[in-house]
Amino acid sequence: MLAVHFDCPGGPENLYVKEVPKPHPGEGEVLVKVAASALNRADLLQRRGKYPPPKGASEILGLEAAGTVAGFGGGCKGRWQVGDTVMALLSGGGYAQYVTVPEGHLMPVPADMTFAQAAAIPEAWLTAFQLLHFVVKIQEGETVLIHAGASGVGVAAIQLVRLAKAIPIVTAGTQEKLEATANLGAAAGFNYKTEDFSEKVLAFTQGSGVDIILDCVAASYWEKNLNCLKTDGRWILYGLLSGGEVHGDFLARLFAKRGSIHTSQLRSREKEYKERLVGAFTRTVLPHLCTGASPRLRPLVHSIYPLHRIAEAHAAMEENRNTGKIVIRLPVWIFCAHFIFAF
């Protein structure tokens with residue numbers, strides 16, 4: 001099968017496509033023929049050598065995929081049949097024509113959804129769902145500050161906060177991104193490049209601050225985050241885009257707010273935790289991703305690249321060009337007499 005590979009850590013130019021052995025599903029695993037995958041910041045970090053996959057996970061990049069069931073390992077419980085259209089939460093391996101997945105980490109693709117749209121859901125939406133419901137336990141009426149509001153996780157979080165009958169506000173780096181987040185339901189948005197978002201948040205909340213902060217930026221935001229965190233507020237870190245080293249009276253100021261700080265990674269969680277997460281999401285959120293649902297939620301696909309242009313896709317994410325997800329389309333092979341066609 002074809003898969004993305006890199007010989008040594010570095011920039012997007014190190015990525016290329018090569019032939020690798022097709023994986024075989026183990027006990028309780030399903031083989032999925034991948035139609036589309038999607039980029040995540042974790043992929044960029046792994047490519048740079050800064051985020052190795054968990055023990056036992058595929059070395060191939062890619063934390064989510066959509067496609068069709070192609071086979072089974074032993075011990076599967078009959079939840080799926082060959083040919084079912086599915087989307088998958090992965091620990092790795094999504095940038096390939098086939099991937100093996102624990103059967104409990106699969107979700108059905110809604111009937112009216114394309115594979116490209118479905119590939120934009122598992123990692124980003126399950127991350128946002130986990131942060132809001134498993135970690136900080138969002139409550140109706142709370143105000144949530146979402147950094148990187150136009151990212152894949154941000155787009156999901158805005159809509160999930162609305163679904164929880166709470167109030168999402170965001171930061172983003174361009175007016176176009178702020179407009180996109182407003183269209184998705186953000187109650188307010190602030191340009192972190194041109195505005196002091198903590199002042200804007202305090203003005204929006206009439207001085208009280210926010211109940212929850214979803215933060216993938218970390219170090220460079222700590223003072224402003226504490227400025228606009230409500231007393232007894234919850235601040236959750238799920239990324240360190242600006243680094244993890246903090247200087248100053250961080251603990252004293254957090255203590256004064258009686259604030260709590262949480263950290264979370266999804267990729268390194270145990271298989272059983274991910275299965276519970278996927279199950280809860282499938283029951284409570286997936287129905288809202290179907291046509292006719294009220295409210296209707298939707299993934300946001302910024303662009304679709306064929307597999308052989310994976311380096312361009314990574315460069316686009318590194319330059320923060322995307323609003324929503326960047327998706328990778330896997331080649332489909334059609335065998336006809338003595339010829340093979342790839343689309």
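Inspect all residues belonging to the range 43-61 and state whether any of them is touching an Asp or Glu at 6+ places or on another chain (Cβ under 8 Å), closer than 20 Å to Glu270 by Cα and either in contact (Cβ under 8 Å) with a residue 12 or more places away in the chain or not assigned by TED's automatic domain parsing to the domain that holds Tyr238 (or both). Yes: the range 43-61 contains one or more residues that are touching an Asp or Glu at 6+ places or on another chain (Cβ under 8 Å), closer than 20 Å to Glu270 by Cα and either in contact (Cβ under 8 Å) with a residue 12 or more places away in the chain or not assigned by TED's automatic domain parsing to the domain that holds Tyr238 (or both). For Glu319, the stated conditions hold: it is under 23 Å from Gly154 (Cβ atoms), surrounded by fewer than 13 Cβ atoms within 10 Å (Cβ to Cβ) and charged (D, E, K, R). Close Cβ contacts (under 8 Å, 6 or more residues apart or on different chains) running from residues in the range 75-86 that are under 15 Å from Glu27 (Cβ atoms) to residues that are surrounded by fewer than 10 Cβ atoms within 10 Å (Cβ to Cβ) and at pLDDT 95 or above comprise Gly75/Glu27.
Identify, from the list Thr263, Thr231, the residue that is out of contact with any Gly (no Cβ under 9 Å at 6 or more places or on another chain) and of a type in the set (S, T, N, Q). Within the list Thr263, Thr231, the selection yields Thr263. Screening Lys18 against (1) part of a strand (DSSP E or B); (2) over 18 Å from Glu275 (Cβ atoms); (3) touching a residue at least 40 places away in the same chain (Cβ under 8 Å) leaves a single unmet condition, (3).
For (1) within 17 Å of the chain's Cα centre (by Cα); (2) among the β-branched types (Val, Ile, Thr), each residue gets a yes or a no:
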position	(1), (2)
Leu45	yes, no
Ala65	yes, no
Gly71	no, no
Ala96	no, no
Thr100	no, yes
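The lone criterion from (1) assigned to a loop (DSSP other than H, G, I, E, B); (2) buried (at least 24 other Cβ atoms within 10 Å of the Cβ) left unmet by Ile60 is number (2). When the strands (runs of 3 or more DSSP E) confined to the range 70-145 are screened for residues that are under 24 Å from Ser268 (Cβ atoms) and at pLDDT 95 or above, those reaching at least 3 such residues are found at 85-89, 98-102.
Here Arg269 passes the criteria (1) in the same structural domain as His147 (by TED's automatic domain parsing); (2) out of contact with any helix residue (DSSP H, G or I) (no Cβ under 7 Å at 6 or more places or on another chain) except the one numbered (1). Would you confirm whether or not the range 27-39 contains a residue that is surrounded by fewer than 20 Cβ atoms within 10 Å (Cβ to Cβ) and part of a loop (DSSP other than H, G, I, E, B)? Looking through the range 27-39, at least one residue is surrounded by fewer than 20 Cβ atoms within 10 Å (Cβ to Cβ) and part of a loop (DSSP other than H, G, I, E, B). Can you say whether Trp235 is at pLDDT below 95, surrounded by 20 or more Cβ atoms within 10 Å (Cβ to Cβ) and assigned by TED's automatic domain parsing to the domain that holds Thr143, as far as the supplied structure shows? Taking the combined requirement at face value, the residue does not satisfy it.
The values are calculated or read from the model by the stated rules, or taken from the named source; none is laboratory data. Source: prediction; values computed, not measured. Heads up, the Cβs are rebuilt from the backbone with ideal geometry, glycines too, and the neighbour counts pull from every protein chain shown.
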